[in-house]
Amino acid sequence: MTDTTRSTAPAPSTRSRIIGDVRDALRGKQHDYTTGPIGQAIFLLAIPMVLEMVMESLFALSDVFFVARLGAAAVATVGLTESMMIVVYTLAMGLSISGTAVVARRIGEKDADGAGRAAVQAILLGALIATAVAITGALMAPTLLRFMGAGDDVLATGTMFTRVMLGGSATAFLLFVVNATFRGAGDAAVSMRVMWLANGINIALGPMLIFGIGPFPELGVTGAAVATTIGRGTGLLYAMSRLVRGSGNLRVRRAHLVIEPQTMLSMLRLSVNGTFQVLVGSLSWIVLVRFMAVFGSAAMAGYTIAVRMVMFAMLPAWGLGNAAATMVGQALGAKDPDRAEQAVWTAARYNVAFLGLMGLIFGVFAPAIVRGFTSDPAVSTVAVDGLRLMALGFPMFAFGMVLTQSFNGAGDTATPTRINIGVFWVFEIPLAWALARYSPLGFHAIFASITAAYSVLAAVSFVMFRRGAWRAKRI
């Protein structure tokens, strides 16, 4: 009887601990991520970060789901505009990388004032860049669509959509930056709530404004852009209010509201590499879209659906990558590089398991998934084949994602920049071009090149991470 009791007693205790950790993670309970079990720390950070990205994924899917009802030209408009928005996201992510790294390092050093000052500098830089990008994008929307290969049908349908999306991109830009400072501080639950609010409004308003439901005007595809801008603007206002009121580890006080040239220059140096790092990868997606556009609107629509589905899986996985980056930054601030490395391997195992499962689901159920977005046989063929080809590389996607985020968390933005140049521009783009032009693969060449590139990225990142130069990075 006693032996039986001993063998079964740990189960309730483990279950209770997991439930308690989930509750603490969602509530945003303060936790010192520089000490204690690494698995628990990753778990506490990853839950809100993954849920934050799940909402972003749901928005991306719901957006294309409703727009798909308007026809292939509308879906192609979204695909081409999102490719341009990648540049906006890239600039925001580059600055976000430096914001996360510096705030995390200050928190690890137990310097709360330094973290607050770093957050202010990141937001000031973000506001300047975002304003310039938004004005330029709104004015040049038709020209940019033509440059991306849009036909007359897309120009007629989507010019206003593109103008609103690019003109309202400042909200998306600043939302990236503010949430990055929360994540660096370990206040992941705050960034989760911000994103759920912003994208919840997006999802609710989208169909209302697209189809003119109830008192709302029928704006067609433009309605999706208006809903997105309103949702992100609301989320940004909430995020700024939490920053001022204090989110837990991070709070901006009146004394922090000054320009600190040294801090700003340090962050600029990090963000230049970070921006170029992401830009290299992002521009490669734009080139791939341009390659796909040669195969027609149906191929473009199928590509857009397939990539949106991949992003649905990839964005939650980015949550685990972000958790690893925060752990690395705070552990290095606490002068414990061994803990930082252990956190990376733990997060990588979790991520490979998650994306491996998602890849299996996509591979098996691709036709059923795509039927939820389109009934056009030509579009469906491209989407199903593309989804299955990219799903084959999900485990490698997952592994490389965590490693590159970990370099960034350490403030070593130069290493992943060099890796991205080699993988995406020296390997992926020439491969896609050669296969699309000289092989019988047709549009399949684009998807195959994506999977091959991310597999190479994972292998190269592993080698560079094992060398350990990131351990000595000072920021």
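log10 I(q)/I(0), Debye, Cα-only segment 320-411, no solvent, q = 0.22 Å⁻¹?
Treating every Cα as an identical point scatterer, log10 I(q)/I(0) equals -0.91.
Quick one: what are the phi-derived ³J(HN,Hα) couplings along segment 163-178, Karplus 6.51/-1.76/1.60 with θ = phi - 60°, whole Hz, x for glycine and proline?
Here the 3J(HN,Hα) series is 5, 5, 4, 6, x, x, 5, 4, 5, 5, 4, 5, 5, 4, 5, 5 Hz.
Compute the acute angle (0 to 90°) between the alpha-carbon long axis of helix 261-293 and the principal axis of greatest extent of the alpha-carbon atoms of the chain; round to the nearest 10°.
With rounding to tens, the tilt is 30 degrees.
Take every Cα pair under 8 Å in the chain that's 6+ residues apart, average their separations, divide by the length, and report that relative contact order as a whole percent.
22 percent
In nm, to one decimal, how far is the modelled label at L128 from the one at A368, with both set 7 Å along Cα→Cβ?
Label-label distance for L128 and A368, simple model: 5.3 nm.
Just to verify a number: FRET efficiency for L268 and L441, C-beta to C-beta distance, R0 = 25 Å, to 0.05?
Computed FRET efficiency for L268 and L441: 0.05.
Please give every one of the lysines within straight-line cross-link reach of K29, meaning a C-alpha to C-alpha distance under 20 Å, and leave out same-chain neighbours fewer than 8 residues apart.
K110
Work out from phi, with θ = phi - 60° and the Karplus expression 6.51 cos²θ - 1.76 cosθ + 1.60, the ³J(HN,Hα) of each residue of segment 389-402, listed in order in whole Hz, and give x for Gly and Pro.
5, 6, 4, 4, x, 4, x, 6, 3, 4, 5, x, 4, 5
I'd like the orientation of helix 72-108 relative to the chain: the angle between its Cα long axis and the longest Cα principal axis, in ° from 0 to 90, rounded to 10.
Orientation of helix 72-108: about 10 degrees from the principal axis.
Between D32 and I135, take the C-beta separation as r, use R0 = 41 Å, and let me know the FRET efficiency to the nearest 0.05.
0.45
What ranking do 280-291, 75-86 get when scored by the average of other Cβ atoms within 10 Å per residue, highest first?
75-86, 280-291
How large is ³J(HN,Hα), in whole Hz, for each residue of segment 41-56 in order, when computed from phi with the Karplus curve 6.51 cos²θ - 1.76 cosθ + 1.60 and θ = phi - 60°, using x for Gly and Pro?
So the J values, rounded to whole Hz, are 4, 4, 4, 5, 6, 6, 4, x, 5, 5, 5, 4, 6, 4, 5, 4.
Note the full-extension length gain between L155 and R349 as 0.36 nm times their separation in residues minus their Cα-Cα distance, in nm to one decimal.
The L155-R349 span can extend by a further 65.4 nm.
Would you calculate the separation in nanometres between label points at I259 and L237, each defined as 7 Å from the Cα along the Cα-to-beta-carbon direction?
2.8 nm
Could you compute the FRET efficiency for S375 and I421, with r as their C-beta to C-beta distance and R0 at 51 Å, rounded to 0.05?
That pair, S375 with I421, gives E of 0.80.
Of the labelled options [x] 68, 58, 39; [y] 66, 59, 48; [z] 75, 54, 53, which one gives Cα extents along the principal axes in Å as computed for this structure?
Of the listed options [x] 68, 58, 39; [y] 66, 59, 48; [z] 75, 54, 53, [y] comes from this structure.
Values quoted throughout were computed directly from the atomic coordinates according to the rules given, and no laboratory measurement underlies them. Note that the structure is a prediction, hence the values are computed from the model and not measured. Note: ideal-geometry Cβ built from the backbone for every residue, glycine included; neighbour counts use all protein chains shown.
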